[in-house]
1. Please give me, ordered by residue number, the trypsin sites (Lys or Arg not before Pro) of the range A:130-180 that lie in loop per DSSP and have at most 16 other Cβ atoms within 10 Å.
2. Compute, for chain A, the length of the dipole vector about the Cα centre, with Cβ point charges of +1 (Lys, Arg) and -1 (Asp, Glu) only. Units Debye, rounded to 20.
3. Roll a 1.4 angstrom probe over the protein heavy atoms and tell me the percent of accessible area of chain B that is carbon or sulfur.
4. Enter the Cα centre distance for the pair the range A:1-60 and the range A:129-151, rounded to the nearest angstrom.
5. Just grab the label-to-label distance for B:THR136 and A:ARG171, each label 7 Å out from Cα along the Cβ direction, in nm (one decimal).
6. Build a GNM of chain B with springs between Cα atoms under 10 Å: which of B:LEU91, B:LEU19, B:LEU186 gets the top mean-square fluctuation?
7. Hey, if we sort A:HIS109, A:HIS46 by accessible area with the 1.4 Å probe, largest down, what's the order?
8. Give me the distance in nm between label points sitting 7 Å out from Cα along the Cα-to-Cβ direction at B:PHE75 and A:LYS234, one decimal.
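The values are calculated or read from the model by the stated rules, or taken from the named source; none is laboratory data. This is a predicted model, so every value here is computed, not measured. Here the Cβ positions follow ideal geometry from the backbone for every residue, glycine too, while neighbour counts run over all protein chains shown. In case anyone asks, the SASA skips ligands and DNA or RNA and just uses the protein heavy atoms, side chains included. Shrake-Rupley method; radii C 1.70, N 1.55, O 1.52, S 1.80 Å.
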Amino acid sequence: MGRLRLYSLVAVAIGLVSGTLSDRTPKPEAVTRGAYRVLEGDFHAHTRFSDGFLSPFGLVLQASRRELDVIGVTEHNYVFPGLLARWFSRLIDGPIVLPGSEITRRGYHVIVLGQTRRVDPDLPLSEQLIRVHAQGALAIAAHPVRKFWPALVPLVGEFDGCEVMHPIAFRGDSPTGWRWSDMVEFYRKGLARNPTFAAIGSSDYHFFSPLGVVRTLLFVRSADEAGVIEAIRKGKTVTFGPHGERFGPAELLKLLDREPYRPRTSDYHYRGRGVLDVAGRTLAFLGFLGFCFLGGRRRRMGA
Amino acid sequence: MASETPVSARWLSDEARILFRPYRGYQQVAGEPIDVAPTVLALRRPLMTLLAIGWFVSMTAAGRLVAWHLGFAAFFWGFLPVYQMIVLTALFAFFPSPYALSWSRRVDLYFSGNGAWYLFMSALVAVCLFAPNVYTAMSALLRYGVLPGALLCAFIWSIVVSHAFFRRGCGLSRGRAALATLLNYLLWPGLIVGYYLLTNQLQPLMR
């Protein structure tokens, strides 16, 4: 290995040590409102087993970094990565992980939470919802924009909730026709049929940093998997729109009026913490470039 | 196969030489003597690919290089270089090289052609680390077609580099090199599509 390449590798190694030591996020303190413990969750996340970048283990670490108390791992028609993530999170005393899937069909998407057995995506939606509930899991209508309404609206009362807040809310009018206002309207339809229809906010995370950029507040009796499922089933959730709109039951909104709660923020902008962290990141970046593209090897004449 | 050692070899890695001038780069690099054990030769650049993937995942997810992110990403993405090596082995069997190059050396040469992807990943990481507002920057790059365009360029250039590998690195004729390149880009992405079909992630989308 040439000298330049060696120096670059050393730079990467320093960046690795610095990055690993700097990557500390303290466990969030327990927060209560009224008789409830308040948790922050993101219920729609993918791993590299479908179209995400992170592994199931990396996703759990990312959730800790984003100060999330609970996540849903929801691969397309595939449960195994969620079970893997839950196993790992229990091992490291990480966030609560609800294994699940995103039933993905051309006409609709459904987030399933607390699932252990795959539901055949080729069944009719009504049958899928029966099978989801039969295993004690939850069915959340995923980003219910108008193009999915023909399948979703007739069965809106069978869902436990819907995504009323999603990153498409930040994008304005989409050329593909995905509008946040449709999701809000679907939520109101669900609420009219079912007073415990849960308001869910999710990031639909695939890659980069924004896991938890949209999140749900859960008002739970117990901070565990059963407590989270019970809270969603009873509609004890609140999520926030891009301009501070609140979606959730009046009882919980009154609790928040009395004692406001601001969801935790995290380092979405990749800023370093302190000089050493910034230096470590820069070294890791430049070192990688150098390692890939710099040589420095003396070569003999070839034959 | 004779080649003169260029001055650039002292400053640029094989990846850089092949990236900027694929045909000449492969001709020079393939002709240079190597004093490395076959096992190391077969593994060093696939491992470098895994390091690059782990680095990219860690830097874009956490904004820093974190040991567990690097390790988990490298492990869970390990199938990618393994797939490529399987496909290469099949192609080497169908298209034997007239040069006296071992299997390890050919694998090492092939993976030296990943420079375009390393550059693309580095550009994305640079945006994450140095843009004042990453969301705004990425949205703009998407909206104005810069990001899709860069991805397309990396993909097209990697096809050119693959062809240069078979043509100048392995010494195949023009037609056989083209066929080997085509098969390469049908087979290993095809294995990935096969995975999505096997796990029934694609079929329901079509119904």
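1. A:ARG171
2. On the way: 40 positive and 29 negative charges, 244 e Å.
I would put it at about 1180 debye.
3. Working: 6820 of 9270 Å².
Ligands and nucleic acids excluded, carbon and sulfur give 74 percent.
4. 30 Å
5. My value for the distance between the label points is 2.0 nm.
6. Looking only at B:LEU91, B:LEU19, B:LEU186, the biggest GNM fluctuation is shown by B:LEU186.
7. Values: A:HIS109 25, A:HIS46 0 Å².
From most exposed to least exposed: A:HIS109, A:HIS46.
8. 3.8 nm
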